[in-house]
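The values are calculated or read from the model by the stated rules, or taken from the named source; none is laboratory data. Fair warning: this is a prediction, and the values are worked out from it, not measured in the lab. When we count neighbours, we look across all protein chains shown, and the Cβ atoms used for this are built from the backbone with ideal geometry, even at glycine. With ligands, DNA and RNA removed, areas are computed over all heavy atoms of the protein, side chains included. Shrake-Rupley method; radii C 1.70, N 1.55, O 1.52, S 1.80 Å.
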Amino acid sequence: MKIGGNDLRIGMLIEHKGRLWTACKLQHVKPGKGGAFIQAELKDIKNGTKLNERFRSDETLEKVSLDEDEYQLLFKDGDIFTFMNTSTFEQIQINKDIIGEPARFLQDNMIVTITSYEGEIIGVMLPNTVTMKIVEADTVVKGQTATASYKSAILENGVRILVPPHIDAGTSVVVNTDDGSYVEKAK
């Protein structure tokens, strides 16, 4: 879909110079001489490189729409994850590199959203939070609980996170999948 240069918005996905970019920052500029333009900071969705580009209002850009489907994780074999489409039951395999850091929070039978463009997988979105069990937690130093301090703990998947002092080994906690931070004690 074609859009004008001044119709670009933050978060919009465009095709530019043969690659897919998402708009991170936009600034409308009206110089004293010449026509107005948009100064855009674009981020390549595949490798994360950034590009600063100017678009005049009379330029046309190619807006990209992505396909999003729900998939269920079936199993993991090394760095390869096998997912099944929940509506067509088609199975696909995705390398851990495409999923990135959130791959450490993938659990069997977890439902994820897989984003693709023209049949090529671009990313895998996990649920915002997951519930995991603490297998090891540091002991609390007496008197340290008076302040808002955290202690180190290890989750069942081997990831080290910071938790409040009252969380002990064997406790289930809710963890943010984006940054691996503690959210709350699981109910």
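Residue-normalised convex hull volume from the C-alpha trace of region 1-89: 119 Å³ per residue.
Rounded to the nearest 20, the Cβ-based charge dipole of region 1-116 about its Cα centre (Lys and Arg +1, Asp and Glu -1) stands at 860 debye.
Total lysine pairs in region 1-91 at Cα distances under 17 Å, for residues eight or more apart or on different chains: 11. Could you check how much of the accessible area of region 1-50 is carbon and sulfur, as a whole percent, using a 1.4 Å probe? Carbon and sulfur atoms account for 53 percent of the accessible area of region 1-50.
Using r as the Cβ-Cβ distance of Gln91 and Lys185, and R0 as 35 Å, what FRET efficiency do you calculate, to the nearest 0.05?
The calculated FRET efficiency here is 0.45.
For the chain, the direction-averaged projected area of the alpha-carbon convex hull comes to 15.4 nm². For the chain, the solvent-accessible area of protein heavy atoms averages 61 Å² per residue (probe radius 1.4 Å; ligands and nucleic acids excluded). Over region 21-71, the fraction of Cα-Cα pairs per 10 Å bin, rounded to whole percents and listed from the shortest bin up, is 22, 43, 25, 8, 2, 0.
P(r) tail for region 66-105: Cα pairs beyond 14 Å make up 48% of the total. For region 82-127, the share of accessible area belonging to carbon and sulfur comes to 47 percent (1.4 Å probe, ligands and nucleic acids excluded). When Rg and Dmax are taken over the Cα atoms of region 71-152, they come to 17.7, 58 Å.
Considering helices alone, the calculated mean residue ellipticity of the chain at 222 nm is -500 deg cm²/dmol, with DSSP H runs of length four and up weighted by -39500 (n - 2.57) and normalised per residue.
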